[in-house]
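A quick write-up on the structure given underneath.
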Protein chains: 2
Amino acid sequence: MPDMAAQLVDVSIDRTSPVPLYHQLSEQLCAAITDGRLQPGDPFENEVALSQRLSLSRPTVRRAIQEMVDKGLLVRRRGLGTTVANRKVHRRVALSSLFDDLSREGRAPRTVLLEHDTVTESDAAAALDLPPDTPLLAIVRLRLAADAPLAVMRNWLPPAYGDISRDELEATGLYAALRARGVHAVVAHQSIAARMPTPVERKHLRIRGTQPVLTMTRSAFDGAGAPVEFGDHSYRAEDYTIDLMVDER
Amino acid sequence: MPDMAAQLVDVSIDRTSPVPLYHQLSEQLCAAITDGRLQPGDPFENEVALSQRLSLSRPTVRRAIQEMVDKGLLVRRRGLGTTVANRKVHRRVALSSLFDDLSREGRAPRTVLLEHDTVTESDAAAALDLPPDTPLLAIVRLRLAADAPLAVMRNWLPPAYGDISRDELEATGLYAALRARGVHAVVAHQSIAARMPTPVERKHLRIRGTQPVLTMTRSAFDGAGAPVEFGDHSYRAEDYTIDLMVDER
């Protein structure tokens, strides 16, 4: 049982405080995750053990754990118990590259190229405002951060960028390969949604149990309005959040 | 069995065409959904029946159906068979109101007020840049579109808007209630993510089987930088997509 190895976090409960007991508990457990005493993937002490060790009622402990699950700090997996969640990737909405963002954060991005083909695909062509029979470079990449799978990324590129090679895509990000050709995407339509993973996504993203993917499609164009890429990406929802700033001043 | 009642869509397959058979099939089935021959919630003809009726192989039919599931046009539910998905709400990222957006589209928004309380909640206060013990108006609303549940919306408001009443919130949207007070949110930080629903969300959103929620948190401020609201919303992922435009020119 993974719970056997759970590290015990020092908790001090003040029964005279007006702060609810469950909240005192969850705050101290959250702090242990934030300051690194508990690490991503660590097994988490279970409800029964916590309630006995701290002489707290099971509903109190349950509520504290639920609060941490809701915040995304803990993950429950059937048959595997509760573990500390991976550190989430917070991505700003911008025409930046996940590869570059991960590199900057020191999170060792890696790409496994799954497909690299020339195809005709009318939906992708339409997303790029191109005729339906336009030959497109279709690539599928698995992106990992520090060896943990994070995203399955499908992209389609217009003929002008059909020379982007397998080697380039495994060595760097797509946007870096485009930059090397003097190409900069500056305008994009994006759609963000969520769904359950396909069997292929479950396999590549190593999704066990019941966890969704966050999806993003993007049609990106350069400053002259020429199509740059259409992307259809699936992210492990446990590990990925999209941040954005709305300013209507 | 729901499949019994599935409506048969006219499909003509051209075996001499270079277009793959599965794609010919999915395109014609998609068209039947887009033009309204198949309606949201309708049972969808199953793989066996389709392959027999059209003399197509089961893998061909399976691939066509999978393509439509991936596009969000069909929904598979354990024990219920495959049905045509609800028409998705496409929401632009903007400081607009879901209530107003649904009204404009003629989709009959309705609000069920689940909670309306004054609370202190340090996380919500922090999200609004307020001291942790600030009394906040905490509201929880279920939003429906044409009587189908779409979102569970939790919002916290600073003391200045603590007079917003139950009646107001059931009659209109939160942003309309704020507008009536001369308040306009113009800047916001948003985070978009996905997770499995909580039991309470499953109940209110009538989520059967395994379906995720798309989540959005938002801290919104007025033109002078004063806090307007902090929201933590969960949307039925099957029915909801967030669209946005990135323009870095």
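See the values below:
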item: Flag for A:Arg195 being surrounded by fewer than 19 Cβ atoms within 10 Å (Cβ to Cβ), farther than 30 Å from B:Ala185 by Cα and not hydrophobic (A, V, I, L, M, F, W, C); result: no
item: Test: residue in region B:203-224 that is charged (D, E, K, R) and under 16 Å from B:Val89 (Cβ atoms); result: yes
item: Region A:103-126 - residue that is without any contact (Cβ under 8 Å) to a residue 12 or more places away in the chain and polar (S, T, N, Q) and, of those, farthest from A:Leu150 (Cα to Cα); result: A:Ser122
item: Index of the failed condition, A:Gly231 passing every other in (1) out of contact with any Asp or Glu (no Cβ under 6 Å at 6 or more places or on another chain); (2) within 12 Å of chain B (Cβ to nearest Cβ); result: (2)
item: Close pairs from region B:187-202: first facing another protein chain (nearest Cβ under 7 Å), partner of a type in the set (Phe, Trp, Tyr), Cβ under 9 Å, at least 6 apart; result: B:Val187/B:Phe221; B:Ala188/B:Phe221; B:His189/B:Phe221; B:Ala193/A:Tyr240; B:Ala194/A:Tyr235; B:Ala194/A:Tyr240
item: So B:Leu157, is it touching an Asp or Glu at 6+ places or on another chain (Cβ under 6 Å) and more than 14 Å from chain A (Cβ to nearest Cβ); result: yes
item: Every residue from region A:201-240 that is of a type in the set (Val, Ile, Thr) and closer than 15 Å to A:Gln190 by Cα; result: A:Thr215, A:Thr217, A:Val228
item: Filtered residues of region A:41-56 (kept if exposed (fewer than 12 other Cβ atoms within 10 Å of the Cβ) and assigned to a loop (DSSP other than H, G, I, E, B)); result: A:Ser55
item: Hits in region A:203-220 (condition: more than 10 Å from chain B (Cβ to nearest Cβ) and either at pLDDT below 90 or in contact with a strand residue (DSSP E or B) (Cβ under 7 Å, 6 or more places away or on another chain) (or both)); result: A:His204, A:Leu205, A:Arg206, A:Ile207, A:Arg208, A:Ser219
item: Residue in region B:126-147 that is modelled with the highest pLDDT, counting only those that are surrounded by fewer than 17 Cβ atoms within 10 Å (Cβ to Cβ) and under 25 Å from the mean Cα position of the chain (by Cα); result: B:Asp147
item: Only one of A:Asp129, A:Asp100 that is touching a residue at least 40 places away in the same chain (Cβ under 8 Å), more than 23 Å from A:Ser165 (Cα to Cα) and more than 14 Å from chain B (Cβ to nearest Cβ); result: A:Asp129
item: All positions within region A:149-189 that are assigned to a helix (DSSP H, G or I) and surrounded by 15 or more Cβ atoms within 10 Å (Cβ to Cβ); result: A:Tyr161, A:Glu168, A:Leu169, A:Leu174, A:Tyr175, A:Ala176, A:Ala177, A:Leu178, A:Arg179
item: Filter result for the condition that a residue is closer than 30 Å to B:Gly41 by Cβ and touching a helix residue (DSSP H, G or I) at 6+ places or on another chain (Cβ under 7 Å), over B:Leu142, B:Leu136; result: B:Leu142
item: Failed condition for B:Asp101, given (1) over 30 Å from B:Leu25 (Cβ atoms); (2) at pLDDT 85 or above; result: (2)
item: Count of residues meeting criterion [crowded, with 16+ Cβ neighbours inside 10 Å and either at pLDDT below 95 or not β-branched (Val, Ile, Thr) (or both)] in region B:223-232; result: 5
item: For A:Glu238: the one exception among (1) closer than 18 Å to B:Met245 by Cα; (2) surrounded by 15 or more Cβ atoms within 10 Å (Cβ to Cβ); (3) facing chain B (nearest Cβ under 10 Å); result: (1)
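Results for (1) part of a strand (DSSP E or B); (2) of a type in the set (Asp, Glu); (3) over 23 Å from B:Ala193 (Cα atoms); (4) within 14 Å of chain B (Cβ to nearest Cβ), shown as yes or no for each residue.
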position	(1), (2), (3), (4)
A:Met68	no, no, no, yes
A:Val75	yes, no, no, yes
A:Ala94	no, no, no, yes
A:Arg107	no, no, no, no
A:Leu114	yes, no, yes, no
A:Ala124	no, no, yes, yes
A:Thr134	no, no, yes, no
A:Leu137	yes, no, yes, no
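The values are calculated or read from the model by the stated rules, or taken from the named source; none is laboratory data. In this text, all values refer to a predicted model and were calculated from it rather than measured experimentally. A quick note on method: Cβ atoms are made from the backbone with ideal geometry, for glycine too, and the neighbour counts reach across all protein chains shown.
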